[in-house]
Every structure is written in C-alpha cells, then in structure tokens.
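Input: a single structure, listed below in structure tokens.
The values are calculated or read from the model by the stated rules, or taken from the named source; none is laboratory data. Because the structure is predicted, anything quoted here is derived from the model rather than measured. Ideal geometry is used to build each Cβ from the backbone, glycine not excepted, and the neighbour counts take in all protein chains shown. Note: accessible area is taken over every heavy atom of the protein model, side chains too, but ligands, DNA and RNA are not part of it. Shrake-Rupley method; radii C 1.70, N 1.55, O 1.52, S 1.80 Å.
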Amino acid sequence: MNHEQADKFTNWAQQIATQPIEGNEGEVETKFVLPFFEHLGFPEGCRRDKFYAADPNMSGGIAQVGASSGKAYPDFVFFSTEKREEHNSSSALVAVEVKRSSENLDKHLEQAKKYGDRLQSLFIILTNGHRVKVLRRQAGGGEEKVDDLLVTDLKSRDKCLEFYERVNFETVRRIKALMAEGLQYKHLLQLDKILNADPELQEVLRKGDFKSYRAENELGILLTKKKVSVSCIFPAGQDEGGIRIEFSNPLRRGLTIQLPFREFRRTMLINLNTPIRDSNGKI
C-alpha cells in the first residue's frame with residue numbers, strides 16, 4: 001500500500017466526514033466524487049465522463065437504461081490506462097453513478113448494475129455524497145457487496161485506511177488483471193498482497209501471457225490474445241469439428257474448454273448475436 005497516498009486520502013476523508021456534501025448531482029460530482037477518486041490515486045487521464053455503455057443485446061441505437069429515455073451513460077468510468085484508444089471492457093475498472101445528496105440510492109441500484117454489466121467493469125459505485133455503495137461484478141452474473149459506507153464513518157482513521165486498501169487505484173487495477181472471478185474480494189486482496197510482495201511471482205504472471213497471433217485457412221482458425229487462445233476446426237465430411245479454448249492466467253492455467261462445433265454454433269454464437277450462415281453464406 002502507498003502509505004503517503006493513504007495518508008492523503010485519510011486526511012481528506014476525515015475532513016469531508018465532518019460535513020458531508022449537500023446539493024444537486026453536479027455539486028456532489030465536483031465536491032465529493034472527483035476528489036474522492038483523486039485521493040484514491042485514480043489518474044485523471046483514466047477517467048471518462050458520460051462514457052457510452054453499449055448494450056450488447058442491441059444491434060444499434062441506445063437502450064432505455066436510466067430514468068430518462070435513451071440514457072445509457074454512467075456519470076464516470078475509470079479505466080486502468082490513460083490511453084483513450086484502450087478504454088474498453090478489458091480495461092474498465094469502475095462505473096460510477098452519482099445522485100443528489102437527498103436521493104435514495106437503493107432506488108437507482110439496478111440502473112447502476114446495468115451500466116457495470118454493459119462495461120464489464122470490476123466495480124460498480126453508487127453515491128450521493130452521504131453514502132457510498134461499492135459492488136464487485138461477478139462474471140457469471142450477480143454482484144458481491146464490497147462496502148456500503150456512510151461518509152460520516154470516515155471520521156475513523158481505521159475505516160479510512162481499510163477502505164483505501166480495498167479500493168485504491170493500484171490495487172483495483174492489479175485485481176482486474178487477475179481475472180479470478182470465482183474468489184471473494186477479500187481473498188483477491190490477500191492474493192494481490194502475496195503477488196505484489198514477490199517479484200518472482202510477478203515475473204511468472206508477466207511471462208504467462210500468450211503472444212497475440214492469428215492464422216486461418218479453409219480448415220479452421222487460431223486466434224490468440226494475451227489471456228486466451230481459441231482454436232476452431234471447421235466441420236468437414238465425417239469430422240464434426242470443434243472449438244478449444246485455453247487461458248494463460250496462472251489461476252486457470254491448464255483449464256481447457258472443448259466443444260463440438262455444432263454445440264458452439266447452437267449456444268455461444270447465438271448468445272453473441274452472431275448470425276449463423278450456411279456454406280453458401282446465407283443466414
């Protein structure tokens with residue numbers, strides 16, 4: 001943990017805890033949310049305001065997500081990189097929805113969850129400047145509650161340090177990279193501490209990534225990215241073909257998913273909204 005940064009967050013948080021922000025959504029954003037993430041170490045270049053959260057179930061247009069017709073923009077999204085061309089679901093760390101200080105957050109929880117699901121962010125944070133709800137998205141669906149904090153609780157230095165340790169930028173960025181969805185967040189924090197304290201393990205993680213590669217011909221396709229490799233053999237004659245998926249992450253190394261091509265086409269392609277074509281290219 002960066003103790004100097006933690007002290008900065010603690011000093012600011014204890015001050016704001018004595019007099020939480022009152023006002024409309026804009027005042028909560030400028031007086032609470034932006035300094036809140038700044039003191040948690042999130043670089044300004046990693047932040048995007050009103051970032052469009054595309055609906056993966058739509059072929060075009062904007063779905064009606066929020067209270068307003070057509071609203072599909074979280075107030076803020078924080079990414080793991082400052083490179084704007086890399087701001088996507090792979091680098092999305094936190095989707096933030098902000099409400100005025102008098103608003104009941106629970107009424108807007110489903111809206112915030114939809115933003116997080118669309119962006120595939122690690123965290124969903126909903127706040128009105130008096131309360132901060134922190135949820136971690138589960139890849140298989142659902143959410144894990146990481147914190148439900150009253151800002152007045154931050155008068156306690158121990159509470160400040162505990163919150164900082166869980167939600168600071170460097171920790172969140174490293175845990176996003178772990179891609180270990182099956183573990184509870186407290187276990188991910190423990191794992192992160194172990195990895196961060198051991199340079200040899202860090203080197204194993206770094207070298208464990210696949211090299212990007214793509215090859216294809218009439219028999220099939222091989223597509224490899226840093227974290228996953230997918231090989232596809234097309235059906236031919238009596239050979240039904242198949243799909244093989246492998247992962248580079250140390251926690252999943254050795255895990256292989258294999259599916260017959262017809263099963264892959266029947267389930268996964270349809271779920272990806274991919275049209276199925278016959279050998280003549282017709283849908």
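Structure data summary
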| item | result |
| --- | --- |
| Residue within region 263-277 that is open to solvent by 50 Å² or more (accessible area, probe 1.4 Å), at pLDDT 70 or above and not hydrophobic (A, V, I, L, M, F, W, C) present | yes |
| Lone qualifier among ALA17, ALA6 - being surrounded by 13 or more Cβ atoms within 10 Å (Cβ to Cβ), within 21 Å of THR171 (Cβ to Cβ) and modelled with pLDDT of 90 or more | ALA6 |
| Restricting region 69-92 to residues that are at pLDDT 90 or above and among the hydrophobic types (A, V, I, L, M, F, W, C), the residue that is farthest from LEU109 (Cα to Cα) | PHE79 |
| Residue match in region 102-113 (condition: at pLDDT below 95 and within 22 Å of ILE175 (Cα to Cα)) | yes |
| Candidate set: region 158-178, residues that are within 11 Å of SER80 (Cα to Cα) and open to solvent by 30 Å² or more (accessible area, probe 1.4 Å); chosen: the one farthest from the chain's Cα centre (by Cα) | GLU170 |
| Test: residue in region 129-139 that is open to solvent by 10 Å² or more (accessible area, probe 1.4 Å) and touching a residue at least 60 places away in the same chain (Cβ under 8 Å) | yes |
| Close pairs (7 angstrom Cβ cut-off, 6 or more residues apart or separate chains): closer than 17 Å to LEU126 by Cβ in region 7-35, open to solvent by 50 Å² or more (accessible area, probe 1.4 Å) and assigned to a helix (DSSP H, G or I) anywhere | PRO20/THR152; ILE21/GLU27; ILE21/LYS31 |
| Matching residues, region 114-127, being among the small types (Gly, Ala, Ser) and at pLDDT 90 or above | SER121 |
| Index of the failed condition, GLU29 passing every other in (1) part of a helix (DSSP H, G or I); (2) open to solvent by less than 40 Å² (accessible area, probe 1.4 Å); (3) out of contact with any strand residue (DSSP E or B) (no Cβ under 7 Å at 6 or more places or on another chain) | (3) |
| Residue that is surrounded by the most Cβ atoms within 10 Å (Cβ to Cβ), among those in region 220-242 that are in contact with a strand residue (DSSP E or B) (Cβ under 7 Å, 6 or more places away or on another chain) and touching a residue at least 24 places away in the same chain (Cβ under 8 Å) | CYS232 |
| Conditions (1) open to solvent by 40 Å² or more (accessible area, probe 1.4 Å); (2) at pLDDT below 95; number of the one not met by LYS155 | (2) |
| Top-ranked residue in region 78-101 [being touching an Asp or Glu at 6+ places or on another chain (Cβ under 8 Å) and touching a residue at least 40 places away in the same chain (Cβ under 8 Å); ranked as nearest to GLU44 (Cα to Cα)] | VAL96 |
| Residue list for region 31-68, filter: β-branched (Val, Ile, Thr) and modelled with pLDDT of 80 or more | VAL33 |
| Residue in region 131-145 that is closer than 20 Å to GLN15 by Cβ and of a type outside the set (Val, Ile, Thr) present | yes |
